[in-house]
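The values are calculated or read from the model by the stated rules, or taken from the named source; none is laboratory data. The structure presented is a predicted model; accordingly, all values stated were derived computationally and were not measured. We place every Cβ from the backbone using ideal geometry, glycine too, and count neighbours over all the protein chains shown.
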Amino acid sequence: MITRKNNIFHITTQKLSYIIGIRADKYLENLYFGQKINVQNDYLALAEKTAFPYGYSVVINEKDKDKNITLDNICLEYSFHGTGDYRNLPLLLKMHDNTYSSRFEYDSFKIYEGIYKDSDKTHLPHARDNKNDKAETLEITLKDDFYHLELRLIYTVFSACDVITRRCVLVNHDKETVTIEKMMSLQLDIPKKDYILSTFDGLWARERHQNDKELISGSYMIESLNGTSSNRHNPFILLSTKGTTQEVGECIGVNLVYSGNHKEIVEVSEYGKLRILSGINDTCFSYPVKKEEVFYTPEAVLTFSCDGKNGVSKNMHDFVLNHVIPPQFAYKERPILINNWEATYFNFNQSKIMGLVKEAKHLGMELFVLDDGWFGERNDDTSSLGDWTVNEKKLGCSLRTLVEKVNKQGIEFGIWLEPEMVSENSKLYREHSDWAIAIPGRKTYLGRNQMVLDYTNQKVRDYIVGIIKELLHSANISYVKWDMNRPISDAFSNAGSATPGEFYHKYVLGLYEVMEKLTKEFPEVLFEGCSSGGNRFDLGMLYYMPQIWTSDDTDAQERIQIQSGTSYGYPLSGMGAHVSASPNHQTLRNTSLDTRFQVACFGNLGYELDITKLTTVEKKIIKGQIEFYKQYRALFQYGEFKRVLSDNEHIIWQVTSKDKSKAISLLYRPYAKPNDSADILYAKGLKEDAMYRVHAREVAISIKEFGNLINQISPISIKEEGILQSAVNKVYTLKSEKEEYIVSGSLLMYAGIKLKQRFIGIGHNEDTRVMGDFSSRLYVIEEVKSK
Ligand code: GLA
């Protein structure tokens with residue numbers, strides 16, 4: 001709800017309050033942001049008070065009653081260069097007279113139902129309205145009459161998920177051009193507390209690892225400069241007060257609906273204020289706005305929870321599912337796929353593909369994804385990007401025929417594309433070398449042997465849209481993996497469609513235009529975003545593509561960290577999670593097939609290994625995994641996710657159904673430890689008084705795990721790594737312990753279940769939980785209804 005009383009705007013959601021005051025000096029003061037409060041006429045209690053000016057400061061409005069105001073010490077809604085606020089600023093405008101000072105004062109406001117009314121005009125992805133959680137918008141207009149500029153601060157409220165989005169709009173009413181050097185979407189000023197900042201950082205194959213730092217005096221900044229939101233620093237950030245746990249404590253979450261260069265700054269000022277800024281990165285950004293032109297920032301997302309980090313994650317997950325992803329995919333169960341990339345890389349033909357498809361069907365999979373290498377003359381990564389015509393010689397038939405063959409097996413067909421790229425060795429580049437991003441006359445640096453297409457150029461965009469439409473219409477394709485495998489460098493448009501200062505933003509706008517057109521034309525096609533794994537995992541992509549390939553790294557131990565980090569800001573159904581071969585192709589680490597599966601369950605399950613080469617035992621295991629996943633798919637993809645525990649020895653994740661009658665927990669142990677205490681299974685968010693049956697999912701224990709210890713129980717001698725051990729291993733595994741309890745929700749949540757003893761180096765029987773390195777169990781928790 002948004003109310004306005006005298007000079008106060010009070011925005012409330014289910015659990016939070018955001019209060020803005022129009023000050024006598026006409027600047028906007030943030031009076032409060034946090035847990036919902038009841039305010040009658042006592043807003044004065046929230047205002048900053050000053051009687052005398054601070055030493056060595058700029059004082060505004062000397063003549064009226066606020067004469068001693070130093071803006072540097074006020075929590076402001078949006079602040080301006082040249083007004084004496086010396087913190088990091090959200091806005092820098094270069095005026096036609098080459099000055100940088102701006103003074104935007106309150107002018108007027110509008111409150112209306114629904115999202116920002118000009119959302120479509122922004123040509124940017126944005127939060128969608130939803131009849132189950134109707135939005136409401138506040139527009140506050142500020143004016144700088146000296147330069148004839150208008151600045152609108154837009155607040156949209158999504159009450160059910162405790163989210164307020166923010167963005168800014170600049171309108172130039174002057175006859176001269178103004179240049180935006182910086183314009184952030186969100187500024188949030190609040191009094192300083194002992195905040196910890198969590199950011200989600202990484203590189204290729206190790207995306208979104210959580211890093212925490214204590215905020216003391218000064219600024220902390222994260223950013224992306226490579227043209228995408230990047231794997232370096234995700235735009236999602238989390239602030240929590242010291243001592244906050246996953247379940248208890250104050251947390252603030254901020255994200256940006258944007259897929260390009262972004263920047264987030266958190267500053268603790270010497271006057272004891274905390275400032276958060278989020279928006280387009282101002283490096284290499286210089287955007288002219290001519291007479292009567294309008295500039296829109298992307299939308300930033302702000303949430304607050306007193307229920308710890310899981311509370312913020314829940315708000316963000318609900319927001320993404322109900323207000324960001326295409327509504328036709330919200331809560332729609334995602335198919336279990338088989339992707340041929342790590343099974344074949346570029347080396348495949350029709351018979352290999354059909355072998356994979358037939359085995360996939362047999363194992364219960366639902367969608368086959370033909371990855372890189374099906375087009376042009378692409379048999380390695382040195383050629384053909386841009387030539388999106390099927391390589392019939394390699395496939396032995398047309399794409400339509402291949403898709404028909406796959407469909408005939410009862411399997412859907414998906415295809416890999418990398419539409420933002422061009423190989424130097426391609427027909428497209430030979431015909432249109434000026435379509436690649438390059439500075440004329442200068443040797444272009446390549447990344448993975450390829451160049452990026454100039455999406456600021458309308459001709460390029462139209463060509464790509466045309467060719468992909470044709471391709472998707474040519475066969476029954478129900479899924480597209482949209483990849484992007486190199487960063488942008490030497491940003492320059494040969495067509496002159498963007499100046500270097502406009503380039504990065506216009507590239508993103510161009511990309512959104514292409515995706516808008518394609519997803520509109522093919523609303524039922526499931527698009528999965530990808531950028532060398534999870535290099536572009538953001539809300540802008542999720543607006544078009546309801547899921548994103550989380551990381552090229554499918555090693556279970558690595559995935560625990562990657563998926564955990566990703567889960568802070570994004571729902572499980574947004575994450576692609578595959579079971580791949582062991583040793584893993586990224587780390588060479590060996591993990592069991594069940595651990596790989598049990599970690600991948602917390603996302604959209606897929607397989608990415610050569611399933612035509614599985615042993616009898618592996619086939620049986622995978623078949624069982626898929627049956628299990630299908631049974632609980634809705635819970636894994638759409639249940640409420642909680643990070644229950646994370647210490648050096650255990651990780652516990654949990655998904656719970658809305659009515660709390662069902663949950664599944666993952667207990668993961670990175671390392672085995674001899675002579676150790678029992679594991680305790682804790683749950684969260686269940687019904688205290690309900691009774692639950694808890695049982696461990698059976699996993700297969702390979703006899704290889706016992707090495708030559710197996711001879712202690714085997715009637716015949718089995719040589720370690722010998723032919724007999726290998727032969728037995730292909731057809732036989734030991735069964736894991738059976739473990740089952742009927743307990744109350746309160747017991748599970750507060751006492752926890754002391755699980756059976758692990759193998760601790762002394763002996764083994766059916767009551768021992770064999771848990772070596774990188775081991776895991778799933779525990780199914782189901783309410784037992786009394787008759
Ligand atoms: C990227 C993707 C992979 C795969 C390859 C194909 O690295 O992240 O999943 O599609 O490209 O070249």
At least 2 residues that are farther than 17 Å from ILE781 by Cβ in each: list the strands (runs of 3 or more DSSP E) lying fully within the stretch 597-675 that qualify. 604-608
Strands (runs of 3 or more DSSP E) within the stretch 240-351 that include 2 or more residues within 16 Å of the ligand (Cβ to nearest atom): 337-339
Kindly check whether there is at least one residue in the stretch 547-560 that is at pLDDT 95 or above, away from the ligand (no atom under 16 Å from the Cβ) and surrounded by fewer than 24 Cβ atoms within 10 Å (Cβ to Cβ). yes
Within the stretch 609-623, identify whether any single residue is within 22 Å of ILE548 (Cα to Cα), surrounded by 23 or more Cβ atoms within 10 Å (Cβ to Cβ) and within 16 Å of the ligand (Cβ to nearest atom), and answer yes or no. yes
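The rows are residues; the columns are (1) within 16 Å of the ligand (Cβ to nearest atom); (2) over 20 Å from LEU542 (Cβ atoms).
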residue	(1), (2)
TRP435	no, yes
GLY441	no, yes
VAL452	yes, yes
GLN458	no, yes
LEU471	no, yes
TYR479	yes, no
LEU511	no, no
GLU521	no, no
GLY529	yes, no
Within the stretch 123-150, tally of residues that are crowded, with 20+ Cβ neighbours inside 10 Å and of a type in the set (Val, Ile, Thr): 2
Of all residues in the stretch 151-196, how many are part of a strand (DSSP E or B) and surrounded by 21 or more Cβ atoms within 10 Å (Cβ to Cβ)? 27
Consider THR3 against the criteria (1) farther than 17 Å from LEU142 by Cβ; (2) in a strand (DSSP E or B); (3) within 32 Å of the chain's Cα centre (by Cα): it satisfies all of them except one. Which criterion is unmet? (3)
Being in a strand (DSSP E or B), touching a residue at least 40 places away in the same chain (Cβ under 8 Å) and small (Gly, Ala, Ser): is that true of SER229 here? no
Sole miss for SER286 among (1) surrounded by fewer than 21 Cβ atoms within 10 Å (Cβ to Cβ); (2) small (Gly, Ala, Ser); (3) farther than 30 Å from TYR116 by Cα is condition (3)
Candidates SER592, SER573 - the one that is more than 16 Å from the ligand (Cβ to nearest atom), buried (at least 19 other Cβ atoms within 10 Å of the Cβ), farther than 30 Å from LEU539 by Cβ and among the small types (Gly, Ala, Ser): SER592
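Here is a yes/no grid of residues against (1) in contact with a helix residue (DSSP H, G or I) (Cβ under 6 Å, 6 or more places away or on another chain); (2) surrounded by 17 or more Cβ atoms within 10 Å (Cβ to Cβ):
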position	(1), (2)
GLU720	yes, no
GLU737	no, yes
ILE742	no, no
SER746	no, no
ILE753	no, yes
ILE762	no, no
VAL770	no, yes
ASP773	no, no
LYS787	no, no
Scan the stretch 51-65 and report the pairs whose first residue is in a loop (DSSP other than H, G, I, E, B) and whose second residue is among the β-branched types (Val, Ile, Thr) and modelled with pLDDT under 90, with Cβ atoms within less than 7 Å and a gap of 6+ or a chain change. VAL59/ILE69; ASN61/ILE69
Based on this model, can you work out whether ASP462 counts as of a type in the set (Asp, Glu), assigned to a helix (DSSP H, G or I) and touching a Pro at 6+ places or on another chain (Cβ under 9 Å)? no
Only one of (1) within 28 Å of GLN328 (Cα to Cα); (2) more than 16 Å from the ligand (Cβ to nearest atom); (3) of a type outside the set (S, T, N, Q) fails for PRO500. Which number is that? (1)
Identify all residues within the stretch 293-308 that are within 16 Å of the chain's Cα centre (by Cα) and more than 19 Å from TYR32 (Cα to Cα); write none if there are none. GLU299
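Listed here are the residues, each with its yes/no results for (1) within 16 Å of the ligand (Cβ to nearest atom); (2) modelled with pLDDT under 95; (3) assigned to a strand (DSSP E or B).
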| site | (1), (2), (3) |
| --- | --- |
| GLU359 | no, no, no |
| ASP381 | yes, no, no |
| GLY386 | yes, no, no |
| THR401 | no, no, no |
| ILE415 | yes, no, yes |
Looking only at the stretch 487-518, which residues are more than 30 Å from HIS473 (Cα to Cα) and free of Cβ contacts under 8 Å to residues at least 40 places away in the same chain? GLY496
I need a count of the residues in the stretch 361-378 that are of a type in the set (Gly, Ala, Ser) and either more than 12 Å from the ligand (Cβ to nearest atom) or at negative phi (or both). 2
All but one of (1) under 30 Å from THR241 (Cβ atoms); (2) under 17 Å from the mean Cα position of the chain (by Cα); (3) of a type in the set (A, V, I, L, M) hold for LEU277; which doesn't? (2)
